[in-house]
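The values are calculated or read from the model by the stated rules, or taken from the named source; none is laboratory data. Computed from a predicted model, the values in this text were never measured in an experiment. Heads up, the Cβs are rebuilt from the backbone with ideal geometry, glycines too, and the neighbour counts pull from every protein chain shown.
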């Protein structure tokens, strides 16, 4: 039969039996009368099959971990994914981003949610787990390309661990910083393969998820040099396509205002009094929880003195520093460079010592972040609402959404004051205007408006409030005033007459729900 090896190359069946019974592979072959080149071929075939099986089990286990961790959060939404989800719902209904929906992030952030119809619950969490697994596979391919499969497995394992056992609000949402991770790894992989043009394309796609993709482009230049022109050409292609699409849909000017001007002013206004000291503290804390990466990378840098990998890490950290906020999600830009370096560093140590060091250093983040998954899973299984303070605002939005749905028709329109885009997602009601939150009306960014009232953006805020005053939503939800009365709707002269046209019908813990007064 075609494709069947000759009888001389077939292994006698007792070989496998004797090996299982702890007879060495070579001895088993010799006992069966196999010598010379046949021994090598048989040993090589067994090693390949065993290696494939081991890697398959490793990646299956890794995906099971990621999937279980993400599914534990099926009953909640995190801040970073709420506005993209709400915007994606409007895009499904035919609205054009920026022109019809105010959105302060690059265009691919909400677009990616269209892949699964902007659905939430288990569907959203499975999508997150698949994305995290994609990033792990890219880390495996990159480290394998640079060195061997051993480094690849270390890279995938370390990345998968820290995409699970880290700050939940940074790791779970498919927000701009997380969505840059896979293009980042893909761009570096292609640069290492000397495919400069496609490396630039990957970095360009990353830029359409997060403007910090320019740091990825700079890192690619380290590995793709001297093919800088091909790299830049590749970077330009997806961005030129995006610009053409925005111009063709009449969104170009709005895109510049919302996704560039507003974030630039936001980045220029630190949230704390001493951003430098805040950055030192937060970086030290992050490195403490990621000590396994820091130690492994330090070993690699010290033993090899390869400046490209150190420069890659420094570029990533420059992106973290930009804006002086040092939120946990910003460190995702540093994660790939440290993970790849640490993967190589651990293989430069004796295997048993490397495993012992890694286990000891991974215990701290495991203990710090692991139990919360079990608690959330228990709440999910028993149908309980989580008491976790990090999800208190989301729980309040769910309660408010139930009140809204009990008092609104299915075709009713809605406006939410504050930063509560998840209420649009939970109710599925149409927004009355293109603004899905109040940042553009108050000029105060969402990362501080619950406790601060300092205006960052002044241009266009009065016009945005005038747009709201001219609208007639059936239901009005105030998710901000009870937390920060200084930013309540009644503080703005152009909104007071408009607000008088509504009557309060209910409250949740942190939200006031109004209904439009009937005519007359």
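Observations on the model:
- The combined condition, being at pLDDT 70 or above and more than 30 Å from residue 430 (Cα to Cα), is fulfilled by residue 51.
- Residues in the range 229-251 that are surrounded by 14 or more Cβ atoms within 10 Å (Cβ to Cβ) and either in the same structural domain as residue 460 (by TED's automatic domain parsing) or over 18 Å from residue 205 (Cα atoms) (or both): 249, 251.
- Remark: pairs (first residue in the range 43-70, free of Cβ contacts under 8 Å to residues at least 40 places away in the same chain; second residue assigned to a helix (DSSP H, G or I) and surrounded by 10 or more Cβ atoms within 10 Å (Cβ to Cβ); Cβ separation under 7 Å; 6+ apart in sequence or on different chains) = 43/25; 46/25.
- For residue 385, the criteria (1) in the same structural domain as residue 154 (by TED's automatic domain parsing); (2) part of a loop (DSSP other than H, G, I, E, B) hold in every case but one, which is (1).
- Set 111, 88, 76: member being buried (at least 23 other Cβ atoms within 10 Å of the Cβ), out of contact with any strand residue (DSSP E or B) (no Cβ under 6 Å at 6 or more places or on another chain) and closer than 18 Å to residue 249 by Cβ: 88
- All positions within the range 355-401 that are more than 25 Å from the chain's Cα centre (by Cα) and without any contact (Cβ under 8 Å) to a residue 24 or more places away in the chain: 355, 356, 359, 360, 381, 382, 383, 384
- Scanning the range 322-346 for residues that are farther than 21 Å from residue 264 by Cα and surrounded by fewer than 20 Cβ atoms within 10 Å (Cβ to Cβ) gives no hits.
- Taken together, the criteria place residue 395 among residues that are crowded, with 18+ Cβ neighbours inside 10 Å and either at negative phi or in a loop (DSSP other than H, G, I, E, B) (or both).
- Single condition residue 462 does not satisfy, out of (1) outside any loop (DSSP other than H, G, I, E, B); (2) modelled with pLDDT of 95 or more: (2)
- Counting only helices (runs of 4 or more DSSP H) wholly contained in the range 64-162, the ones carrying 2 or more residues that are under 24 Å from residue 207 (Cβ atoms), assigned by TED's automatic domain parsing to the domain that holds residue 358 and over 16 Å from the mean Cα position of the chain (by Cα) occupy 79-92, 122-146.
- Flag for residue 297 being within 18 Å of residue 146 (Cα to Cα), buried (at least 19 other Cβ atoms within 10 Å of the Cβ) and touching a residue at least 24 places away in the same chain (Cβ under 8 Å): yes
- The range 347-377: number of residues that are part of a helix (DSSP H, G or I) and crowded, with 16+ Cβ neighbours inside 10 Å: 12
- Exclusive hit being farther than 22 Å from residue 82 by Cβ, in contact with a strand residue (DSSP E or B) (Cβ under 9 Å, 6 or more places away or on another chain) and not assigned by TED's automatic domain parsing to the domain that holds residue 118, set 478, 474, 437, 411: 411
- In a residue-by-residue description of the range 503-512, the property of being part of a loop (DSSP other than H, G, I, E, B), modelled with pLDDT of 95 or more, touching a strand residue (DSSP E or B) at 6+ places or on another chain (Cβ under 8 Å) and not assigned by TED's automatic domain parsing to the domain that holds residue 99 applies to at least one position.
- Any chance residue 495 is buried (at least 16 other Cβ atoms within 10 Å of the Cβ), in contact with a helix residue (DSSP H, G or I) (Cβ under 8 Å, 6 or more places away or on another chain) and either in contact (Cβ under 8 Å) with a residue 12 or more places away in the chain or on the phi < 0 side of the Ramachandran plot (or both): yes
- Of the numbered criteria (1) touching a helix residue (DSSP H, G or I) at 6+ places or on another chain (Cβ under 7 Å); (2) under 27 Å from residue 422 (Cβ atoms), the one residue 90 fails is (1).
- Test result for residue 480, touching a helix residue (DSSP H, G or I) at 6+ places or on another chain (Cβ under 6 Å) and either assigned to a helix (DSSP H, G or I) or buried (at least 16 other Cβ atoms within 10 Å of the Cβ) (or both): yes
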